[in-house]
Amino acid sequence: MSTNNWPTHAYVPGKTMRHPEGAFDGVRDTVKPDLTIEQLAECEALLSGLNYIQSGFFWEAHEVLEPVWMILPDPSRERAFVQGVIQIANGLLKLEMGRPKAAARLLVISTDLLAQADHPPSFRNHTAQVVRFLEALRAQVDVH
């Protein structure tokens, strides 16, 4: 992952400054229509999104994961997996925004999506990390 794509700050609507338009286009543009599912599973946009979640950049993760989700076949286990990850990021963001009920709703959605995905083989390198993100969201929702 390129360090020049690292967010300058975490955007939390209503709390912090929004990033300039196009700030993440360099990462988003790594998603190309001719990539295989296996290549999408290791593309910079996906890897950056996972790293962003790990580091507390939840809005930014959604921004870079969305093109991966959009290009995956619909329906597919892989698409459900990435959508589940996006919803985890959204849930964690809602907690940052002080909206625990919205986070609880997103926890249910992300759990359902990841169950539908059932650990797609192409994304096996990321499954354990995503399960940790889901458990972190669950723990924080339970606290609220």
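The values are calculated or read from the model by the stated rules, or taken from the named source; none is laboratory data. On a predicted model such as this, the values are computed, not experimentally measured, just so you know. Positions of Cβ are backbone-derived with ideal geometry, glycine not excepted, and every protein chain shown enters the neighbour counts. The area values use the complete protein model at the heavy-atom level, side chains included, leaving out ligands, DNA and RNA. Shrake-Rupley method; radii C 1.70, N 1.55, O 1.52, S 1.80 Å.
Of note:
- Tally, over the stretch 1-22, of residues that are among the aliphatic types (A, V, I, L, M) and over 17 Å from the mean Cα position of the chain (by Cα): 1
- Matching option when the condition is more than 13 Å from the chain's Cα centre (by Cα), part of a helix (DSSP H, G or I) and of a type outside the set (S, T, N, Q), among Glu42, Glu38: Glu38
- Per the listing Pro121, Pro100, Pro75, Pro67, the residue uniquely in contact (Cβ under 8 Å) with a residue 12 or more places away in the chain and more than 24 Å from Asn5 (Cα to Cα) is Pro100.
- Note on the stretch 73-100: among residues that are in a helix (DSSP H, G or I) and of a type in the set (Asp, Glu), the one that is nearest to Tyr52 (Cα to Cα) is Glu96.
- Residues located in the stretch 45-94, provided they are open to solvent by less than 20 Å² (accessible area, probe 1.4 Å), over 17 Å from Phe123 (Cα atoms) and either out of contact with any helix residue (DSSP H, G or I) (no Cβ under 7 Å at 6 or more places or on another chain) or not small (Gly, Ala, Ser) (or both): Tyr52, Glu60, Leu92, Leu93
- Residues considered: Asn51, Asn4. Of these, the only one that is farther than 18 Å from Arg138 by Cβ, in a helix (DSSP H, G or I) and modelled with pLDDT under 95 is Asn4.
- For the stretch 12-31, the criterion of being in a loop (DSSP other than H, G, I, E, B) and touching a Cys at 6+ places or on another chain (Cβ under 9 Å) is satisfied by at least one residue.
- Residue tally, condition open to solvent by less than 10 Å² (accessible area, probe 1.4 Å) and out of contact with any Asp or Glu (no Cβ under 8 Å at 6 or more places or on another chain), over the stretch 107-118: 1
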